[in-house]
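Structure first, commentary second.
The values are calculated or read from the model by the stated rules, or taken from the named source; none is laboratory data. Owing to the predicted nature of the structure, the values given are computational and were not obtained by experimental measurement. Here the Cβ positions follow ideal geometry from the backbone for every residue, glycine too, while neighbour counts run over all protein chains shown. We work out accessible area using only protein heavy atoms, side chains counted, and drop any ligands, DNA or RNA first. Shrake-Rupley method; radii C 1.70, N 1.55, O 1.52, S 1.80 Å.
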Amino acid sequence: MVTYVESLRMALTAIWGNKMRAALTTLGIVIGILAVTLMGTLISGLDRSFEKSMSFLGRDVLYISKHEWFGDSEWWEIRNRPDLKVDYVEKLKDQGKYVIAAAPVAMRSVNITRKDEMAMGISLAGTTTEFTQTAFMNIESGRFYTEGEDRSGARVIVIGYDVANVLFENENPIGEKVKIGNYVFRVIGITEKQGKFLGMFSLDNRAIIPMGTYQRLFSRRGWMRLEVKVDDEHIDDAKDEIIAIMRRLRGLGPEEKNDFAINQQDAFRQQYQTMKIAIGGTGFFITVLSLVVGGIGIMNIMFVSVKERTREIGVRKAIGATQASIMRQFLLEALFICLFGGCVGIVLALGGSFLIDKFVFPSTMPVSLALISLILSSVVGIVAGLAPSYKAARLDPIEALRYE
Amino acid sequence: MADLIKLTGLQRYYEVGGETVKALDGVDLVINQNEYISIMGPSGSGKSTMMNMIGCLDSPTTGTYEFEGEKVHEMDDNQLASIRNRKIGFVFQTFNLLPKLTALKNVELPLIYANIPKDERLELAEIAMGKVSLTDRMHHKPNELSGGQRQRVAIARALVTNPSIILADEPTGNLDSKSGVEIMSVFDELHSEGNTIILVTHEAYIAKHAHRTIHILDGRIEKDVYNKKIRKKLNKKKATA
Ligand SMILES: Nc1ncnc2c1ncn2[C@@H]1O[C@H](COP(=O)(O)OP(=O)(O)O)[C@@H](O)[C@H]1O
Ligand SMILES: [Mg+2]
């Protein structure tokens, strides 16, 4: 027991005596640990924001549109596909066993004005009341429009959180008038703050009006998607069913390819998984590389250390040190250099993840990763220390004592 | 009781570039407890090799070595380390203190390998420092001490485990004559307290401190004599017996 404590003390003394060298050689380990922990932080943050974004897309909602979200169809093929139509929605609801709700969504970019204020580049969506079931949003104040307002083409509008803020700084927008071009709308509701989808487009920067109104004022044609909420226990069946209904509506023969796309959250998930593997793989590669390089550095410096202290080893042997105790002393030294590097890496990573958390996206450094890092650096230390320590332990005491 | 040290037909050969160097070439020697021995001989005659052999740092090519009846020539590495630790105190010509440790820490070192707890270690080390009259220099690093003081620290380190024998290979070789005399008085004192001491020297006036002088030439014992004073004492004993 005494010798263990003493070996530890000796190892620390030796490191302290060569602070600069220890610090430099441990750089590889620092970088390795930094890479693995920062990568973990990054992935945890990505995961979090991805899941948040995914919560805007229901798992049980299918999105029928001209193009696949992550397809490899050629653009001209997609362009030649026929537009989707509002009346498909009724057919899907009538014929689809698994369809719970369905809404057409048409969209265009507009500027909304009120007195001197203007909200620019707002995504204006025209949709029906069932959008409240297919989309994931809450009304913060006011209400959504009714079926009657939809059918009659009422000029009412539900605005996003940011739009409300821009146009009505401190006032209550409900009941107030806003203008899109020359058309006047009455604000009847505000949606709750939702944030950005995958960090790209803000869902608070949009406005929603009844489909009837949209078609009357803006266009009957143009880009549109259908959102279909289905029985969440039969999502795959529902998808097959919808494909069949769509093919019938389009009058496609058995040999013809689908001229529409059915998208779902899974497409994002798969895409995300691929990206995550790429990030993880890169991080892993950097980590392994720098740990290996760092390990070789430590091994070298330990060989130097053993050489420099040949005489010391001889003295220790002459006064009774066993091979095991010499081995232990040098192994501990290598271990501590690496552990020190690991700790520095973790501290830097903590700083890094704080910055990521503050400036990029909410994230935390996983504790398990810090532990794994420490274990990793210990393993590197021991592996790198083995050969030099063994060499030290096996030195012939007389030769060692004679060494200059 | 067994002899303290018994060498029989001891040989130590080195192979250097296809040639055999016979550093020790058939040594028979018995050493008893509380002997005070000096070893003399020209450079390269095998003195250091013999000291290393006795100090269990080296193993014979052929021949046997018994230490307190135990067969050292059959021991493995751990046993040798243990016997060096507990039974032997080594003093080197170049002191061989660890430069980063204080004098006291250097003296503590053998006790660490003997697995002795901290408090006891400190106490024993302080006692040893007292024996070499260096209690006022315990917390100095070796480079803050004179040559004579360093060698005294080294002697304290050698005797701190209360070994059966103290081996000193040219302990005054790196010292001026005044310090040399000082060191020799330390050895005299240790001997009078009952320690067994072997020291290698080139100087006749140093060798005279010992009671028995072994002359080595070409790896063999050429002459093994008791000093005059001792001879007289022994003769008296014989006469009275
Ligand atoms: N490790 C070694 N390898 C080869 N020859 C050695 C070695 N150690 C000692 N010798 C040789 O053995 C002989 C005795 O050396 P040593 O015991 O050191 O002599 P001394 O101490 O009496 O000067 C010398 O000839 C020396 O060159
Ligand atoms: Mg010599």
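A few points about this structure:
- Label separation (B:Tyr226 vs A:Val367): 7.8 nm, computed from points 7 Å beyond Cα along the C-beta direction.
- Efficiency of FRET from Cβ geometry, B:Glu68 and A:Glu308, R₀ 56 Å, rounded to 0.05: 0.90
- Cβ charges +1 (Lys, Arg) and -1 (Asp, Glu), total dipole of region A:124-223, debye: 480
- Cα gyration tensor shape for region A:1-119, rounded if a/c is under 1.5, else prolate or oblate: prolate
- Once the C-beta distance of A:Leu12 and B:Asp76 is scaled by a Förster radius of 35 Å, the resulting FRET efficiency is 0.70 to the nearest 0.05.
- As a calculated quantity, the FRET efficiency between A:Phe284 and A:Ala324 at R0 = 25 Å, using C-beta atoms, amounts to about 0.10.
- Within the full protein context, the accessible area of A:Tyr4 is estimated at about 130 Å² for a probe radius of 1.4 Å.
- Among A:Cys343, A:Val383, A:Pro366 - extreme Cα towards positive end, dipole of region A:295-387, charges at beta-carbon: A:Val383
- Rounded to 10°, Cα long-axis angle of helix A:265-308 versus longest principal axis of chain A: 10
- Within a Gaussian network of chain A (alpha carbon springs, distance under 10 Å), most fluctuating of A:Asp259, A:Asp231, A:Asp72: A:Asp72
- Its residues counted as N, region B:117-241 yields a C-alpha radius of gyration over 2.2 N^0.38 Å of 1.22.
- Charge-dipole axis of region A:61-263 as Lys and Arg at +1 and Asp and Glu at -1 on Cβ define it, positive-most pick from A:Ala238, A:Ser73, A:Ile112: A:Ile112
- Projected label distance in nm at A:Arg221 and B:Glu123, using a 7 Å step from Cα toward the beta-carbon: 10.5
- Highest average packing first - A:275-283, A:158-166, Cβ atoms within 10 Å: A:158-166, A:275-283
- Cα centroid separation, region A:101-134 to region A:1-56 (Å): 50
- Assigned charges on the beta-carbon of Lys, Arg, Asp, Glu; region B:1-137 dipole about Cα centre (debye): 420
- Rounded to 10°, Cα long-axis angle of helix A:27-54 versus longest principal axis of chain A: 20
- Our estimate of slack between A:Arg250 and A:His234, defined as 0.36 nm per intervening residue step minus the Cα-Cα distance, is 3.4 nm.
- Per-residue mean of C-beta atoms belonging to partner chains within 10 Å, peptide A:318-330: 6
- Bridgeable lysines around B:Lys47 (alpha carbons under 24 Å apart, same-chain partners fewer than 8 residues away excluded): A:Lys317, B:Lys6, B:Lys22, B:Lys71, B:Lys87, B:Lys208, B:Lys223, B:Lys228.
- Protein heavy-atom accessible surface, 1.4 Å probe, per residue over the protein assembly as shown: 48 Å².
- Within the protein assembly as shown, DSSP assigns beta bridges of which about 70% are antiparallel (rounded to the nearest 5).
- Look at the stretch B:187-198: the mean tally of other chain Cβ atoms within 10 Å of its residues' Cβ atoms is 0.
- Most to least packed among A:294-305, B:85-96, B:223-234 [average Cβ atoms within 10 Å]: B:85-96, A:294-305, B:223-234
- Mean-square fluctuations from a GNM of chain A, with a 10 angstrom spring cutoff on Cα atoms, peak among A:Met246, A:Met20, A:Met107 at A:Met20.
- Between 0 and 90 degrees, the angle of helix A:367-394 with respect to the longest Cα principal axis of chain A falls at about 20 degrees.
- Dipole of the protein assembly as shown computed with +1 at Lys/Arg Cβ and -1 at Asp/Glu Cβ about the Cα centre; of A:Ala135, A:Met54, A:Gly17, farthest Cα towards the positive end is A:Gly17.
- In the calculated pair-distance distribution of the protein assembly as shown, the portion above 36 angstrom amounts to 61 percent of the Cα-Cα pairs.
- Relative to the Cα centre, the charge distribution of chain A, modelled as +1 at Lys and Arg Cβ and -1 at Asp and Glu Cβ, gives a dipole magnitude of about 1040 debye.
- MRE, 222 nm, helices only [DSSP H, n ≥ 4, -39500 (n - 2.57), over the protein assembly as shown, to nearest 500]: -15500 deg cm²/dmol
- Projected label points at B:Tyr205 and A:Asp94, each 7 Å from Cα along the beta carbon direction, are separated by 12.9 nanometres.
- Subtracting the Cα-Cα distance of A:Asn165 and A:Lys19 from 0.36 nm times their residue separation leaves 46.9 nm of extension gain.
- Reach of A:Lys85 by Cα under 30 Å, taken over lysines that are not fewer than 8 positions away in the same chain: A:Lys66, A:Lys93, A:Lys97, A:Lys179, A:Lys196, A:Lys229, A:Lys239, A:Lys257
- Listed residues A:Ile174, A:Ile319, A:Ile190, most fluctuating in chain A (Gaussian network, C-alpha, under 10 Å): A:Ile319
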